[in-house]
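Below is one structure; the comments refer to it alone.
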Amino acid sequence: MKMIKNIFLVLAALLIIAFLLPNKIKLEHSLVIAAPADSVFNQVNNLQNWIVWNPWQNNDTTIKINYYGPLAGIGATQKWTSSNGNGKITIMESVPASMVIYELQMEGTSPKTAMFNFEALNNNSTNLIFTMELVAGYNPIMRYMHVIMKWMMQKDFENSLANIKQISERK
C-alpha cells in the first residue's frame, strides 16, 4: 500500500510541475547577413531552396520531396516522406524582403507556425530573425515535450541561419 501511495505522490508532483511549466514557448534566433534583404528573402521564400540550407532536410538521405502550387510565396507547399517521418510546409504569408510565415505540419502532430523576418540594415546587410512559437495549452505531456523540443531545436535554428548566411553571402 505504501508503494502505491508513493507512486501516486510522484505522479501528482509531476502533474503539478507540468502546470508550472509555460504553456507557450517561443524559439527565436537572429543573425546578421552581409547581403541585401531581397537576396536573403529569396532563400526562404522559394521552397526549393530549403533542401540546401534546412538541416532537417539536407541531412536526411531518405527524404523524397514534392512541391505543390507556386514554388515561392503564398500557397507554396512542400510535402515530404522520409524514414524520419512525413510532413508538409505551406507558406501562409509572404511580404517581399520583409517576412515569410509558414505552417509546418509533421504527421501525427498539430500544425506549428514559424516566421522569418528580414530587417534591412544601413550597410546593405540583413538581420534575419527566425521565430517559432510552441503552444501546449493544458496538455501536461506537451508542456514537458516543448521544453525538450526547445532545447533540441536550438541548434537546428542556429544551423539554418548559418546556412542561409553562407549561401546569401556567396551571391
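Read-outs throughout are calculated quantities, based only on the coordinates presented, and are distinct from any laboratory measurement. Just so we're clear, the structure is a prediction, and the values are computed from it rather than from any experiment. Positions of Cβ are generated from backbone atoms using ideal geometry, with glycine treated the same way; all protein chains shown enter the neighbour counts.
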Check your understanding: To the nearest 10 degrees, how steep is helix 2-20 against the longest Cα principal axis of the chain, on a 0 to 90 scale?
Key -> 30 degrees
Point to revise | Calculated from backbone phi, Karplus (6.51, -1.76, 1.60) coupling profile of the stretch 25-35 in Hz, x at Gly/Pro | key: 10, 10, 9, 8, 9, 9, 7, 8, 10, 7, 7
Practice item. If a/c stays under 1.5 just call it rounded; otherwise compare a/b with b/c (prolate if a/b is bigger, oblate if not). Do that for the chain, with a ≥ b ≥ c from the square roots of the Cα gyration tensor eigenvalues. Key: prolate
Point to revise | 12 Å beta-carbon shell around M115, net charge (K/R +1, D/E -1) | key: -2
**Study point:** Residue-wise HN-Hα coupling along the stretch 113-125, computed from phi with Karplus coefficients 6.51, -1.76, 1.60 (Hz; x: Gly, Pro)
**Key:** 10, 9, 9, 10, 10, 10, 9, 5, 9, 4, 9, 6, 10
Review point. By per-residue mean of other Cβ atoms within 10 Å, what is the highest-first order of 42-54, 71-83?
Key: 42-54, 71-83
Point to revise | Per-residue HN-Hα couplings for the stretch 37-43 [Karplus 6.51, -1.76, 1.60; θ = phi - 60°; Hz; x = Gly/Pro] | key: 4, 5, 5, 5, 3, 5, 5
Exercise for review: Quickly work out the A12-to-T81 label distance, labels modelled 7 Å from Cα along the C-beta direction, and quote it in nm with one decimal.
Suggested key: 5.0 nm
Check your understanding: Cα-based count: Lys pairs in the stretch 22-170 below 23 Å, eight or more positions apart or different chains?
Key -> 21
Check your understanding: Extent of the stretch 124-171 along each principal axis, from alpha carbon coordinates, in Å, largest to smallest?
Key -> 46, 17, 10
Exercise for review: With a Förster radius of 35 Å, plug the Cβ-Cβ distance of Q154 and N123 into 1/(1 + (r/R0)^6) and report the FRET value to the nearest 0.05.
Suggested key: 0.80
Exercise for review: Sum -39500 (n - 2.57) across every DSSP H segment of at least 4 residues in the chain, then divide by the residue count to get the 222 nm mean residue ellipticity, nearest 500.
Suggested key: -12500 deg cm²/dmol
